[in-house]
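Engineer: First the structure, then my questions, so here it is.
Nothing in this text is a laboratory measurement; each read-out follows from the coordinates by a stated rule. Computed from a predicted structure; not experimentally measured. For neighbour counting, all protein chains shown are included, and Cβ atoms are generated from backbone atoms with ideal geometry for every residue, glycine included.
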Amino acid sequence: MEIAIVVIFILGYLAITLEHSIKIDKLVPALLMMALVWACIALGLADLTNWFDSDHHMMLKNFADLPLHSEHHQESKMEWFESTLLHHFGMTCEILIFLIGAMTIVEIIDHFNGFSTIKRFIHTNKKSKLLWIMCILAFILSAIIDNLTATIVLITILRKLVIDNKERIWFAGMIIIAANAGGAWSPIGDVTTTMLWMGEKVSTLELIKLLVAPSLVCMLVPTIIASFLKPFRSTFEAPKDEADENEKGPLMLYLGLSAIIFVPIFKTVTHLPPYMGMMLSLSVVTLVAEVINFRQVKLSSSNEENDGGHSSSPVFKALSKIEMPSILFFLGILMTVAGLESLGIIFNLGKDVQEVMHIDLFVILLGAGSAIIDNVPLVAASMGMFDLPLDNMTWHFIAYAAGTGGSMLIIGSAAGVVAMGMEKISFFWYFRNIAWLALLGYLTGAGSFLLLQTYLLT
């Protein structure tokens, strides 16, 4: 049965990797893989000899001797199966609810055109200066609202500043590197970092302390080199400002960003799961948004019919724009990896890896692999590989590698994929012109992390 499950996982993984070639959204193989893996486990439960206790991160002893069903109040394989499935589903849903909350806040900000406020801070016609402004904004903004959203926001702003697409794609490529670097050092900056944070692998303060410097190096090195390249040595002519700003935009921008930043603070103070803090933040933002919207509708002189408030509600509109395919993909891939973890496959693989190579080398290769293979399942698998305490250096190195390694290929990160779609960036153009900069940034950042670990933090 284990062989069949591994085959299902490999085929599903291959389908996810070849998403653009086979023209099937990656959520389809992810969900199919999840259902088939757990179905196979359920059907072959009687013959299973290994079971991994996720709560205590250890293999169960004498699992092979347990009956399939409970007898005389004795533990059974089915009881372990049901409790483990519920455990993994609960942990996965915590991450998904957190992401939905963050996505909704971002969409509410966008509803009030709050991100256009950022454009006010850009006053230059030099490409090199614009490059630095965009990279610094991407680095900071991605740490607050996640790297994917930061990329969308900044490319949207970039379109209002640089008209020529051939010039703009150079900036978009550098935004990808900076956004991924910025997302790595924040617990809410990247999905993989969020997974490690919510999985009690890293804490907020230690994550920031250990990764802000390597992530900054990862951003600075490519940006410094790029500023001397020909595409960034000339000037540009920005178009005239458009009167499309909402007067409540700045308020919703600052409120929304503050609400998201509040989440780690809430967790630290209350020790409640992060999704509880995100729901609190979301409730405050939605309350303010609804009050503002009510006043705007009330003051409006329009006589349009009202459908109960849903058509004009910023919350309703925000929820309708949530990336549900991404949410379902995360559900499928995380539950699939959880199935492999329950069988002890991932744990045993981790033990084998530690025997054949140094763990730091493995993490560097994992980061490079995230440029080809989606980093979510890679990090999910690594969480089940190693029995390491909270804030162990390896967890932080994984957060850095998985967050920044994807920049080496445009398909290696969500930020890259969305930029590819928005600006029609060719895979091979990015590989020729941007990939080497991302590689230099990744390696120098990794080197600085290992240097800090070896000489300064020990």
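Engineer: Please give the contour-minus-distance gain from L229 to L287: 0.36 nm per residue of separation, less the Cα-Cα distance, rounded to one decimal in nm.
Structural biologist: Computed gain between L229 and L287 is 16.1 nm.
Engineer: So for the pair K424, K166, with labels modelled 7 Å out along Cα→Cβ, what separation do we get in nm?
Structural biologist: 1.4 nm
Engineer: Turning to a different aspect of this structure: With a 10 Å radius around each residue's Cβ, average the other Cβ atoms per peptide and rank 163-173, 218-228, highest first.
Structural biologist: Peptide ranking by packing, descending: 218-228, 163-173.
Engineer: Shifting gears a bit: Considering the dipole of the range 79-456 built from charges on the beta carbon (Lys and Arg +1, Asp and Glu -1) around the Cα centre, which of L229, G369, F262 is farthest to its positive end?
Structural biologist: Sorting the options by dipole projection puts first L229.
Engineer: Please give the peptides 426-434, 264-272 ranked by average Cβ packing (other Cβ atoms within 10 Å per residue), highest first, as a rough proxy for protection. Working shown, then result.
Structural biologist: Working: 426-434: 15.8, 264-272: 13.1.
Taking the mean over residues of other Cβ atoms within 10 Å, the ranking is 426-434, 264-272.
Engineer: Could you sort 61-69, 14-22, 103-111 so that the peptide with the highest average Cβ count within 10 Å comes first and the rest follow in order?
Structural biologist: Top of the packing list down: 103-111, 14-22, 61-69.
Engineer: If R0 is 25 Å, what FRET efficiency do you get for A39 and Q354 from their C-beta distance, rounded to 0.05?
Structural biologist: Computed FRET efficiency for A39 and Q354 comes out at 0.20.
Engineer: Name the residue farthest towards the positive end of the dipole of the range 154-245 from the options I163, M195, L220, assuming +1 on Cβ of Lys and Arg, -1 on Cβ of Asp and Glu, about the Cα centre.
Structural biologist: After comparing all options, I get L220.
Engineer: Right, something else. Taking 56 Å as R0, compute the FRET efficiency from the Cβ-Cβ separation of I322 and A46 and round it to 0.05.
Structural biologist: Numbers: r = 41 Å, r/R0 = 0.73.
With a Förster radius of 56 Å, E is 0.85.
Engineer: Determine the gain in length on full extension of the stretch T268-V7; use 0.36 nm per residue of separation and subtract their C-alpha separation, reporting nm with one decimal.
Structural biologist: In short, 89.8 nm is gained.
Engineer: Can you give me the three principal axis dimensions of the range 1-49 from its C-alpha atoms, in Å, biggest first?
Structural biologist: Ordered largest first, the range 1-49 gives principal extents of 39, 15, 10 Å.
Engineer: Taking the number of other C-beta atoms within 10 Å as the exposure measure, put M33, M324 in order starting with the fewest.
Structural biologist: Exposure proxy ranking, most exposed first: M324, M33.
Engineer: Could you compute how fast the range 79-456 diffuses translationally, taking Rh as the Kirkwood radius over C-alpha pairs and applying Stokes-Einstein at 4 °C with viscosity 1.567 mPa s? Give it in µm² per second.
Structural biologist: Calculated translational D: 60 µm²/s.
Engineer: Which far-off residues, 5 or more places away or on another chain, put their amide H under 5 Å from the one on L343, with H placed in the peptide plane?
Structural biologist: Distant-sequence amide H within range of L343: F52.
Engineer: Something else about it: Kindly state, to the nearest 0.05, the FRET efficiency for I24 paired with T156, given R0 = 30 Å and r defined as their beta-carbon distance.
Structural biologist: Once the sixth-power term is evaluated, E becomes 0.60.
Engineer: Now for a separate question. Once amide H atoms are built 1.01 Å from N in the peptide plane, which residues 5 or more positions from M59, or in another chain, come under 5 Å H to H?
Structural biologist: D53
Engineer: Please rank C93, C40, fewest neighbouring Cβ atoms within 10 Å first, as an exposure proxy. Each step should come with its number before you reach the end.
Structural biologist: Values: C93 14, C40 18.
Listed from fewest to most nearby Cβ atoms, that is C93, C40.
Engineer: Inverting the mean 1/r over all pairs of different Cα atoms, compute the Kirkwood radius of the range 152-214 and quote it in Å. Working shown, then result.
Structural biologist: Numbers: mean 1/r = 0.0761 Å⁻¹.
In the range 152-214 this quantity evaluates to 13.1 Å.
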